[in-house]
Amino acid sequence: MTGTLIQGIHHYCIGLSYLCAFLLELARLLWPAKGWRIAGLVFGVAGLFAHTAYLLVNQPPPSAPYGSLLLLAWVLALFYLYGTVHHAKQAWAIFVLPVVIVLVAMSRVLLFATPGQNDFSFARWLAGDRFWGAVHGVLILLASVGVSVGFLASVMYLIQARRLRNKVAPDSVVPMLSLERLETMNRRALNVAFPLLTAGLLVGTLLLKHGYDIDNWLSLKVLSTAGLWLVFLVLLYLRYGVHVPARRLAALSVVAFGLLLVALVASHPFATGGAQ
Amino acid sequence: MNLRTIGCNVSSAAVDLRERLAFDAAKTQRALTELSARFAAEVVVLDTCNRVELYVSRIDTVAPVHSPLMAEFLSELHGLPASEIAPHLYEHADTAAAKHLFRVASGLDSVVLGEAQIAGQVKDAYETAQQAGAAGPLLNALFSAALRVSKRVRSETGIGQGHVSVSSAALDFVRVVFNTFTDKTVLVIGAGKMGRLTLKHLADLHPAAVLVTNRSSEKAATVANDCGGRVVPWEQLDEALVQADIVLSTTGAPEPIVSRRRFDEKVRRGRGGRPLLIFDMAVPRDFDASIHDGEVSVFNVDDLTRVADRSMAERRRHLPAAETIVETEVKKFVADWNRRANGPVIGQLTAEVEKIRDAVLAPLLDKLNGKLTDSEKAYIEGAFRLFQNRLLHGPIAALHEASHEGHGGLREALMKLFGLKG
């Protein structure tokens, strides 16, 4: 019975649970009451449970666009839950949940758009099938988490900085972490993401060199990932080399997230076979 | 419920009278002990800079304590003529008294709407009364409920949100920019009195360093001494600005001391994009307003006042919701209390009617002794019990209903009618 229920979970259940959590959080900010927060958390936890169950049952491949987006959404949902509990007074969910919902929705669209890439199984992966392709996918995915956290911190930073510039009373609108804290969060996320992205790109480059023709080198996925890496390099140089103000770095982090989405959505050359 | 709140606040009495009516620890103890003994009452004394109030509760069957009596007592205690006190005292009875306390504890009756400090003062007053043994069942329940209501109002409405003074608004902006303060440097420019409270708030954040600079080194030394800071020569103002994270400027200079050009050329470059918060409390202003941009934020007195005013307006927006919570909680409290008070009355009433039933039934059964079977006897006893239950059903239901509606008049009437003691 429970098994059937879990197998019946799909993107709609996950997305709608997160959407309810988001709407309840919005209601909490508009009409402060303890009930909203508890109800929001219940829906958030339910969404995360459904999300986890779906991942365990269906084992989406990290190298397929729909799989990587869903896995990324799962990590960000964990990030949402951590933030909502840890920074209870902040409007954390308002920023994180829309990203999670959009990723789940995109994953749903891509699940049907790329049906050939969905026959992945962890058992096969563990047995060595497409091992390096999956290592590449996992490294890029972990880097994506860093980019996404950096993006969220940057969005909050830009809004908070704009409020400060307009001399808006801090408590009269959506409460957020301090600029210093957001800047630290962005910096740490990018510092972690860059080595992972570099390693992922290196593995990917070696795979391309050994198993693919020139067309794969010019695919949207490869180009956008390389573009992302370059943006990261520029970001790190601007931060540590020329000490560019945090506001500009935040804006560039948002651009990096855009490139990341393109890279994740683009069809993966290792998803349907090739390098073992 | 036999509860009275008698006292005065900023609306009913001027500050000089409130000062003379203020309670120190000894007077509070004396008031609690004497009022409890004199009126056989439960007592709590609430004394803050904006109000002096006494919460007095007696058992239902005796007369309440009214304000003339309290004026006499306060007159004895403070050595003031009662005629001088009495006109300024207000009195709230029963439900109104409970509602008044709930509003006070929630900051709805405060000068600064929604202030949080009052809840702590109410709690202290209640604990003092408890320790003195002056708080009894009603005041225990009432004050516990008041503190709970205060929390509910604060968490469910925005009545306590935002800072409503210039200094606390400044602190709000500091918290928007910075997360930790132990590695930050505060620079104080000038020795003006304006901004002293802001400086105190900033010093309370325990920054790594407080630098003080002024044209007069003696004045700078005085300010540095007050806030645990270090004096920086006036000539090194630009270097100090490069080093600072938060600036508080309060000079009496007739024109800006830091122009946009000076700031861009001598300060901005050296800062490497680090954020800087400048609170320009001087009038005329010390900093060119055009310095304000993404990295450097300049707030003058008008900006901070505007923020404080906006916060107050925002709090006022939440007032109806807060009043609704208070209203609901008062009804709930009064109904709960009356229900609690009904228990013994219903018990006594039932016992009294049972006594009457037995008094009528026993001689009847004696007279019919030998003529009735056991089952017929049981039937007659059952009929009498049914009669009793049907007789009492109406009054008991009405009593419960009256409790729910929040008045105890019917309970008192029943007690009188049936000669119950309560």
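Here is how the numbers come out for the structure above:
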read-out	value
Charge dipole (debye, nearest 20) of the protein assembly as shown; +1 at Cβ of Lys and Arg, -1 at Cβ of Asp and Glu	1160 debye
Buried area at the B-A interface (accessible, heavy atoms, 1.4 Å probe, summed, Å²)	2000 Å²
Inter-chain shielding of B:326-334 (mean C-beta neighbours from other protein chains, 10 Å cut-off)	0
Relative contact order of chain B, defined on C-alpha pairs under 8 angstrom at six or more residues apart (%)	13 percent
Per-residue mean of C-beta atoms belonging to partner chains within 10 Å, peptide B:157-164	3
Rounded to the nearest 10 Å², the accessible area of A:TYR237 at probe 1.4 Å	130 Å²
Which of B:SER290, A:TYR237, A:TYR157, positive extreme of dipole for the protein assembly as shown (C-beta unit charges)	A:TYR237
Rounded, prolate or oblate (a/c below 1.5 giving rounded, otherwise prolate when a/b exceeds b/c) for the protein assembly as shown by Cα gyration tensor	oblate
Contact order normalised by residue count of the stretch A:1-99, Cα under 8 Å, 6+ apart, percent	30 percent
Chain B: angle of helix B:94-105 to the longest principal axis, Cα-based, in degrees nearest 10	20 degrees
Å² of accessible area per residue within chain B, as computed with a 1.4 Å probe and no ligands counted	47 Å²
Using θ = phi - 60° and Karplus 6.51 cos²θ - 1.76 cosθ + 1.60, couplings along the stretch A:233-245 (whole Hz; Gly, Pro as x)	4, 5, 4, 5, 5, 5, 6, 9, x, 10, 6, 5, x
For the stretch B:103-149 and the stretch A:26-60, distance of Cα centres in Å	37 Å
Cα-based shape type of the stretch B:181-282, given that a ≥ b ≥ c are square roots of the gyration tensor eigenvalues and the cut on a/c is 1.5	oblate
Shielded by partner chains, the stretch A:155-170 residues - at least 10 Å² of accessible area, 1.4 Å probe, vs chain alone	A:GLN160, A:LEU164, A:ARG165, A:LYS167, A:VAL168, A:ALA169, A:PRO170
Estimated 222 nm signal from helices in the protein assembly as shown, with DSSP H stretches of n ≥ 4 weighted -39500 (n - 2.57), rounded to 500	-21000 deg cm²/dmol
Total charge dipole magnitude, the stretch B:3-161, about the Cα centre, Cβ charges on Lys, Arg, Asp, Glu only, Debye to nearest 20	420 debye
Interface residues, the stretch B:171-190 - accessible area loss of 30 Å² or more versus chain alone, probe 1.4 Å	B:ASP172, B:PHE173, B:VAL176, B:VAL177, B:ASN179
Amide H within-cut-off set for B:ASN300, under 5 Å, with H built and near neighbours excluded	B:ASP280
Antiparallel DSSP beta bridges within chain B, as percent of all bridges there, nearest 5	45 percent
Inter-chain shielding of B:106-116 (mean C-beta neighbours from other protein chains, 10 Å cut-off)	0
Positive dipole terminus of the stretch B:3-161, leading residue within B:LEU147, B:VAL62, B:GLY158 (C-beta point charges)	B:GLY158
Karplus 3J(HN,Hα) series, Hz, for the stretch B:379-389 with 6.51 cos²θ - 1.76 cosθ + 1.60 (x for Gly, Pro)	5, 5, 4, x, 4, 5, 5, 5, 4, 4, 5
B:THR61 - accessible surface, heavy atoms, 1.4 Å probe, Å² rounded to 10	100 Å²
Percent carbon-and-sulfur accessible area, the protein assembly as shown, ignoring ligands, DNA and RNA, probe 1.4 Å	61 percent
Longest exposed-site-free window of chain B, the sites being trypsin sites (Lys or Arg not before Pro) in a DSSP loop that have at most 10 other C-beta atoms within 10 Å	B:1-192
Between the stretch B:184-218 and the stretch B:288-318, the Cα center-to-center distance that results, in Å	20 Å
Cα centroid of the stretch B:78-100 to Cα centroid of the stretch A:180-212, whole Å	72 Å
Cα centre as origin, Lys/Arg/Asp/Glu Cβ charges: chain B dipole, Debye	580 debye
Rg/Rg_globular for the stretch B:1-80, with Rg_globular taken as 2.2 N^0.38 Å and Rg from C-alpha atoms	1.05
Selection from B:THR180, A:SER144, B:PHE73, by position along the positive dipole direction of the protein assembly as shown (Cβ)	A:SER144
Other-chain or far-sequence residues with amide H under 5 Å of B:ARG230's (modelled H)	B:VAL210, B:LEU211, B:VAL212
Accessible surface, 1.4 Å probe, highest first, among residues B:SER144, A:SER68	B:SER144, A:SER68
DSSP bridge pairs, the protein assembly as shown: antiparallel proportion in percent, nearest 5	45 percent
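The values are calculated or read from the model by the stated rules, or taken from the named source; none is laboratory data. Just so it is clear, the structure is predicted and the values come from calculations on it, not from any experiment. Every residue, glycine as well, gets a Cβ built from its backbone with ideal geometry; the counts of neighbours run over all protein chains shown. The area values use the complete protein model at the heavy-atom level, side chains included, leaving out ligands, DNA and RNA. Shrake-Rupley method; radii C 1.70, N 1.55, O 1.52, S 1.80 Å.
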